[in-house]
Amino acid sequence: MPQTQRAKAARDTTRESRLAAGVRAVLQWPRVLGAQGVAMVAGAVIVAVAVAVTGYFLSRTDTKPKPSDTRARQYEDVDVCLLTGKDGITAGTTAAEVWQGMRDASRTTHARVSHVPVTGEQSAAHARAHLDGLLQRSCDVVLVTGKPEVTAATQTAPQHQKVDFVLVGDAGTDARSAKNITVARVGDGLRAEVAGVVEREAEARG
């Protein structure tokens, strides 16, 4: 036999011997590991397969962002503010009824509503300082309850023609003649009247 053929035959014999040894080693696993060892190996294989399958399906999960909650309330860029006396919107007060009307209008127009009480001294001068604070917050519509507050708003309105004022209660002739002032009367129907006025003003700005 030529030398090259003898070398090839020797390599083939070596490979066959190694393969046979590997097969014998595999067949010896149950005997070496015992029943408990075999069970552990099988369990590990099952866990590995489960992890691989889970990873595969997770990688195919739709990663598109979820749509936003359409129930979340979207407010219009209109701010409606209420200035009250020291009692604020305490139940049973005129301011409480006005506030309810503002909230009714907000549910219809989605305008933002807020309220601020005049604390401390109850005078027109002190009320005007609080009113100036509301105007600096860029309130588009300002409602006012209380005599000192109404007086302050009557004096301030002419300098803020882009702001609509709603004065609740008694107001002088100057207030009734101003283009950016609406006077709402106290009594039955005040809540509905306020809601109607706020809705009109908010929709005009929307």
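Could you count how many residues in the range 141-181 are among the acidic types (Asp, Glu) and closer than 20 Å to Gln100 by Cβ?
2
On the given criteria, is Arg200 modelled with pLDDT under 95 and over 25 Å from Lys86 (Cα atoms)?
It is true that Arg200 is modelled with pLDDT under 95 and over 25 Å from Lys86 (Cα atoms).
Just wondering, is there one or more residues in the range 104-115 that are modelled with pLDDT under 95, among the β-branched types (Val, Ile, Thr) and under 19 Å from Leu190 (Cα atoms)?
Within the range 104-115, one or more residues are modelled with pLDDT under 95, among the β-branched types (Val, Ile, Thr) and under 19 Å from Leu190 (Cα atoms).
Among Arg176, Arg191, which is the only one that is charged (D, E, K, R), touching an Asp or Glu at 6+ places or on another chain (Cβ under 9 Å), open to solvent by 70 Å² or more (accessible area, probe 1.4 Å) and not in a loop (DSSP other than H, G, I, E, B)?
Details: Arg176 fails: touching an Asp or Glu at 6+ places or on another chain (Cβ under 9 Å).
Among Arg176, Arg191, only Arg191 is charged (D, E, K, R), touching an Asp or Glu at 6+ places or on another chain (Cβ under 9 Å), open to solvent by 70 Å² or more (accessible area, probe 1.4 Å) and not in a loop (DSSP other than H, G, I, E, B).
The values are calculated or read from the model by the stated rules, or taken from the named source; none is laboratory data. Computed from a predicted model, the values in this text were never measured in an experiment. Please note: Cβ atoms are built from the backbone with ideal geometry, for glycine as well, and neighbour counts cover all protein chains shown. We work out accessible area using only protein heavy atoms, side chains counted, and drop any ligands, DNA or RNA first. Shrake-Rupley method; radii C 1.70, N 1.55, O 1.52, S 1.80 Å.
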